[in-house]
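Working notes for the structure below.
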Amino acid sequence: MLTIALPKGRLMDRVLHLLKKAEIIETTGYAESRKLIIEDPKAKLRYILAKPTDVPTYVEHGVADLGIVGKDVLRESERLVYELLDLGVGKCRMIVAVSQQSNLIQIQELGFSAKVATKYPNITTDFFRSHGIQSEIIELNGSIEIAPIIGLADAIVDITETGTTLKENGLRIIGDVCSISARLIANHASYKLHYKELQDILEKLEEVCE
């Protein structure tokens with residue numbers, strides 16, 4: 001029985017509908033389940049319903065053979081897994097934003113003394129370093145949009161789908177970090193030991209993603 005780690009939260013419904021479309025699962029009702037582990041003996045599959053940030057960890061350590069997770073979480077975690085497929089769901093952007101009242105127009109204007117708040121310190125550090133900028137990174141886990149408003153940071157790095165939340169909180173985008181979407185990942189050992197079974201799942205998903 002293969003194990004697939006699925007992300008609870010905003011991606012869950014989209015991922016389940018994609019798996020149903022690919023005829024990997026028969027129901028999308030897992031989203032309402034309070035169980036953390038669901039078995040499908042007929043399909044010989046087991047699902048772990050996990051916090052998104054835990055999915056790459058489960059896959060790297062072999063607790064799950066496959067996992068589905070946002071590219072933002074995958075890049076931030078820096079786990080050693082195979083990235084097999086861009087599923088094309090949960091699309092959004094990781095951006096740099098500042099207050100509407102800020103004089104900053106582009107990211108290059110953020111100097112050494114600038115403070116940047118984010119949930120993604122690793123991605124943010126790498127991004128600014130690639131632009132020759134060594135700003136102070138402030139890690140937050142709550143609503144990042146509030147940081148410039150209360151004077152905690154000069155800018156934020158966060159993900160956005162429509163930009164509506166940013167506008168409602170008086171922020172504007174001054175740069176793009178990367179595009180985000182859900183990715184299918186695999187454990188290194190599992191991909192070799194169960195290649196045929198994993199390849200079958202991969203091909204089914206490739207077909208519906210096209």
ask   = Does residue 126 satisfy the criteria of being in contact (Cβ under 8 Å) with a residue 12 or more places away in the chain and either within 19 Å of the chain's Cα centre (by Cα) or surrounded by 18 or more Cβ atoms within 10 Å (Cβ to Cβ) (or both)?
value = no
task = Kindly indicate whether any position in the stretch 2-20 is among the charged types (D, E, K, R), outside the structural domain of residue 161 (by TED's automatic domain parsing), without any contact (Cβ under 8 Å) to a residue 12 or more places away in the chain and surrounded by fewer than 20 Cβ atoms within 10 Å (Cβ to Cβ).
result = yes
key: Out of 53, 28, sole residue that is in contact with a His (Cβ under 7 Å, 6 or more places away or on another chain) and of a type outside the set (Lys, Arg)   = 28
inquiry  = Checking residue 110 against (1) buried (at least 17 other Cβ atoms within 10 Å of the Cβ); (2) touching a Ser or Thr at 6+ places or on another chain (Cβ under 6 Å); (3) at pLDDT 95 or above: exactly one of these is not met. Which one?
reply    = (3)
Criterion violated by residue 142 - all others in (1) surrounded by 12 or more Cβ atoms within 10 Å (Cβ to Cβ); (2) free of Cβ contacts under 8 Å to residues at least 24 places away in the same chain; (3) within 30 Å of residue 13 (Cα to Cα) satisfied = (1)
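The values are calculated or read from the model by the stated rules, or taken from the named source; none is laboratory data. Computed from a predicted model, the values in this text were never measured in an experiment. All Cβ positions, glycine included, derive from the backbone under ideal geometry; neighbour counts span all protein chains shown.
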